[in-house]
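*Asks:* There's a structure below that I have some questions on.
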Amino acid sequence: MMNKISRKHDFLIKPGMKITGKWHNHTYVIKKKLGSGAIGTVYLCETKGSYAALKISDKSASMTTEVNVLKSLGKVQGNRLGPSLLDVDDWINPIGQKYTFYVMEYIKGEAVRPFIQQNGNEWIGVFMLQLLDDLEKLHKSGWVFGDLKLENLLITASPTRIRWIDVGGTTLIGRAIKEYTEFYDRGYWGLGSRRAEPSYDLFAFVMVILSIYYPHKFHRENPSQTTTTTTIFKKIDAIKTLTPYSICLKKAITGKYETSAQMKQAIQTVLYQAEKNHQEITNQKPFLMESVGILFVAGGYYFISLLL
Amino acid sequence: MVKKGTLKQILLITDGCSNKGEDPAATAALAYEQGIVVNVIGILDDDQTEQPEGLQEVEDIALSGGGVSQLVYKATLSQTVQTVTKQAMTQTLQGFVNLELKQILGSNETMDDLAPEKRGEIMEVVEDLGETCDLEVLVLIDTSASMNDKLPTVKEALIDLSISLNSRIGRNRFCIYSFPGKRKDIEKVYDWSPKLDSVSTVFPKLSSGGITPTGPAIREAMYQFSKKSLRRSLRKNDEQDIEEA
Ligand SMILES: Nc1ncnc2c1ncn2[C@@H]1O[C@H](COP(=O)(O)OP(=O)(O)O)[C@@H](O)[C@H]1O
């Protein structure tokens, strides 16, 4: 058993190495390192001619917890809720130390911020609706994502879709959030508990949107509720792209939505309203076209992505 | 369902080495014998780079106290306090489950020796226990002069810990002691209470002087818990389960 939170994740695993499981005997060829975090390191690997992501760690308990979440999400109908789980096993390294690993679907994608920079702000509306859809499904199946943050989101291509990875924070509704990151955590901002409720994710959701525009984040000055609310509201107001959504975003910060469906409904109304305005003003006020046009396009993209 | 018991932890927060009284690793071992786990957080000064030798003691105390230790800089104290507390809870509960396994399987198998599928089922039980069990944490703060600039951060981290733990289903009790005390080895700062949010007003003042009696402080801390030991209280609940069944 571990007595110390260890910080080394690299067990000298190198590209080209083969990892064979102790229990199920499947072999994985390591291709490259994808990233590492608090719990373990994730590698791109190849097995039976296709790619997969392999996460390995010496923290057996935390890994087992993550596997349990992935298994449970895998049972949700038509699941896109996190990568699908392919294998779970132990690996004994050449000098006899034991590690736990699991293999999951490789999600090939691009980080959110560069995607928006290249493809335009009209995608914000699309991603918001897609994320709220997924959150709604997740919450309905009894879970709260917990550690929702920009680093845990990827944009996959054809169809363009936002997806999340890393279910390390995913917690059963009603329990204490397992893992979180201060900036995205309502507890840190003095704006709520760390009990797993849909509204916990919706708060983090708004902070995700903000972090796209504030790469260096921002901090609380002191943890009192009124000052932190003012800080966050000011940050929302300062971003022009977010103006149409600002009422929705602020409501989520103060915990006014009980479900993602409610918030999604509100954002859809914004998009619908924009579309209507668009039709009404096309002839009269062409200078308004640009900002409204963006919303119009967002609505279109989103509805197309639903059909795909 | 598994019935809840009470986990007991001492959370020692220090920035240096003990220099008075018995070996803190020994008193930590004593506490562990009484069913109290000792966790230690060593705060590094911002200009300290490597793990300083003096803080080896931090790891030794936690090892013999059955707990978790971690060296941190001020900036990440909040998250570390929580990780350490929760990890120690899991570790204790896992230890308890391993003991049960040994009785059932009659061998030296632990959870980690089981096939991944079985391990998953047992981990669910451990998680249930961690969520529902009651927890008592005695925070023991080193207030020797060098801690001066660290205490405000410690205070924030403790309030934050209380937010996290009170989001669990199980009940919590916290209390805070500082050491060295004026006349005694430790001094009560905050009496047993379910929350730490009013801690701001009572936060300890620094004791000047250079003594750090960590060993005696842990020993005194031990006596501040109620009598029942963890093992006994869990066993008692097991019997209740059987009676109810
Ligand atoms: N299924 C996956 N497909 C592609 N990349 C992944 C996948 N899972 C993880 N990664 C990459 O590995 C990194 C670390 O994995 P993560 O699960 O976040 O570790 P931790 O939980 O320890 O922080 C992620 O930031 C991501 O870049």
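The values are calculated or read from the model by the stated rules, or taken from the named source; none is laboratory data. The shown structure was predicted, so the numbers you read here are calculated from the model rather than taken from an experiment. FYI the Cβ positions are ideal-geometry reconstructions off the backbone, even for glycines, and counts take in every protein chain you see. To get the accessible areas, we keep the full protein, side chains included, count just its heavy atoms, and leave off ligands, DNA and RNA. Shrake-Rupley method; radii C 1.70, N 1.55, O 1.52, S 1.80 Å.
*Asks:* Compute the accessible area of each residue in segment A:54-94 twice, once for its chain alone and once with every protein chain present, using a 1.4 Å probe on heavy atoms, and list those whose area falls by at least 50 Å².
*Replies:* Correct list: A:Ala61, A:Thr64, A:Asn68.
*Asks:* Also: Output wanted: per-residue J couplings in Hz (rounded whole) for segment A:173-184, from phi through Karplus 6.51 cos²θ - 1.76 cosθ + 1.60, θ = phi - 60°, x for Gly and Pro.
*Replies:* For segment A:173-184, the Karplus curve yields 4, x, 9, 7, 3, 6, 8, 8, 10, 3, 3, 8 Hz.
*Asks:* Taking just the alpha carbons, could you work out the radius of gyration and Dmax for the protein assembly as shown, both in angstroms?
*Replies:* Both quantities, over Cα of the protein assembly as shown: 25.5, 87 Å.
*Asks:* In the protein assembly as shown, if the dipole is taken from +1 on Lys/Arg beta carbons and -1 on Asp/Glu beta carbons about the Cα centre, which of B:Ser64, B:Leu7, A:Thr228 is farthest to the positive end?
*Replies:* Highest projection toward the positive end goes to A:Thr228.
*Asks:* Also, I was wondering about something else. Please report the buried accessible area for the interface of B with A, total over both chains, probe 1.4 Å, in Å² to the nearest 100.
*Replies:* 3100
*Asks:* Grab the eigenvalues of the alpha-carbon gyration tensor for segment A:175-245, scale each by 5, take roots, and send me the semi-axes largest first in whole angstrom.
*Replies:* Taking √(5λ) for each eigenvalue gives 20, 14, 11 Å, largest first.
*Asks:* Between B:Gln56, B:Gln82, B:Gln94, where does the largest GNM mean-square fluctuation fall for chain B, given springs only between Cα atoms within less than 10 Å?
*Replies:* Ranking B:Gln56, B:Gln82, B:Gln94 by mean-square fluctuation puts B:Gln56 first.
*Asks:* At 20 angstrom or more along the helix axis (alpha-carbon based) and mean Kyte-Doolittle of 0.0 or higher, what helices does chain B contain? Whole DSSP H runs only.
*Replies:* Helices passing the filter in chain B: B:77-105, B:151-165.
*Asks:* For chain A, what % of the accessible area comes from carbon and sulfur atoms, probe 1.4 Å?
*Replies:* Using a 1.4 Å probe with all protein chains present, chain A comes out at 55 percent carbon and sulfur.
*Asks:* Then there's this: Quick one: if you stick a label point 7 Å off each Cα along the C-beta vector at B:Glu117 and A:Lys32, how many nm between them?
*Replies:* 3.7
*Asks:* While we're here: If you place +1 on the Cβ of every Lys and Arg and -1 on the Cβ of every Asp and Glu, how big does the dipole about the Cα centre of the protein assembly as shown come out, in debye to the nearest 20?
*Replies:* My answer is approximately 860 debye.
*Asks:* Follow-up. Would you list, by chain and number, the aspartates and glutamates whose Cα falls below 17 Å from the Cα of A:Lys256, excluding same-chain residues fewer than 8 positions away?
*Replies:* Those aspartates and glutamates meeting the cut-off are A:Glu136, A:Asp185, A:Glu197, A:Asp201.
*Asks:* Relative to a virtual label point 7 Å from the Cα of A:Ala111 in the Cα→beta-carbon direction, which members of segment A:198-227 show backbone nitrogen distances below 11 Å?
*Replies:* A:215-216
*Asks:* Please work out the Cα center distance from segment A:25-52 to segment B:151-226, rounded to the nearest Å.
*Replies:* The two parts, judged by their Cα centres, are 44 Å apart.
*Asks:* Please list, by residue number, every one of the GluC sites (Glu not before Pro) in segment A:170-229 that is coil in DSSP and has at most 10 other beta-carbon atoms within 10 Å.
*Replies:* A:Glu221
*Asks:* Can I ask one more? Within chain B, which is the longest segment containing none of the trypsin sites (Lys or Arg not before Pro) that sit in a DSSP loop and have at most 12 other Cβ atoms within 10 Å?
*Replies:* Maximal segment without exposed cleavage sites: B:1-181.
*Asks:* How far apart, in nm, are the 7 Å Cα→Cβ label points at B:Ala26 and B:Glu109?
*Replies:* In this crude label model, B:Ala26 to B:Glu109 measures out at 4.1 nm.
*Asks:* Also: When all alpha-carbon pairs of segment A:4-105 are counted, what percent fall beyond 17 Å?
*Replies:* In whole percent, the long-distance tail amounts to 50.
*Asks:* Taking the DSSP beta bridges in chain B as the whole, what percent of them are antiparallel, to the nearest 5?
*Replies:* Roughly 10 percent of the DSSP beta bridges within chain B come out antiparallel.
*Asks:* I would also like to ask the following. I want to verify the translational diffusion coefficient of segment B:6-244 in µm²/s; compute it with Stokes-Einstein, Rh as the Kirkwood radius over Cα pairs, at 20 °C and 1.002 mPa s.
*Replies:* Once the numbers are plugged in, D ends up at 116 µm²/s.
*Asks:* Let me ask something additional. What is the set of long-range amide H partners of A:Tyr106 at a cut-off below 5 Å, with H atoms built 1.01 Å from backbone N?
*Replies:* Placed amide hydrogens put A:Ala53 under 5 Å from A:Tyr106.
*Asks:* Given the DSSP H assignment, sum -39500 (n - 2.57) over each helix run of at least 4 residues in the protein assembly as shown and divide by its residue total; what's the result at 222 nm in deg cm²/dmol, nearest 500?
*Replies:* -13000 deg cm²/dmol
*Asks:* Could you work out how far apart the two model spin labels at B:Ile211 and A:Thr231 are, taking each label as a point 7 Å from the Cα in the direction of the beta carbon, and quote it in nm?
*Replies:* 4.1
*Asks:* Moving on. Counting only residues 5 or more places away or on other chains, whose amide H sits under 5 Å from the amide H of B:Tyr73 once H atoms are built in the peptide plane?
*Replies:* Here B:Leu44 satisfy the definition.
*Asks:* Would you kindly find the accessible area of A:Tyr184, with a 1.4 Å probe and non-protein molecules such as ligands, DNA and RNA excluded, rounding to the nearest 10 Å²?
*Replies:* Near enough 10 Å² of accessible area.
*Asks:* Please identify the DSSP H helices in chain A that span no less than 15 Å along the helix axis (Cα) and have a mean Kyte-Doolittle hydropathy of 0.5 or more.
*Replies:* Correct list, ordered by number: A:198-213, A:289-307.
*Asks:* Given R₀ = 22 Å, FRET efficiency for A:Lys217-A:Lys251 by Cβ-Cβ distance, to 0.05?
*Replies:* 0.50
*Asks:* May I ask you to evaluate 6.51 cos²θ - 1.76 cosθ + 1.60, the Karplus curve with θ = phi - 60°, for each residue of segment B:183-198 and list the ³J(HN,Hα) values in order in whole Hz, giving x for glycine and proline?
*Replies:* For segment B:183-198, the Karplus curve yields 10, 9, 5, 10, 10, 6, 9, 8, 6, 2, 7, x, 9, 10, 6, 8 Hz.
*Asks:* What is the distance in Å between the Cα centres of segment B:91-136 and segment A:194-264?
*Replies:* Segment B:91-136 and segment A:194-264 have Cα centres separated by 39 Å.
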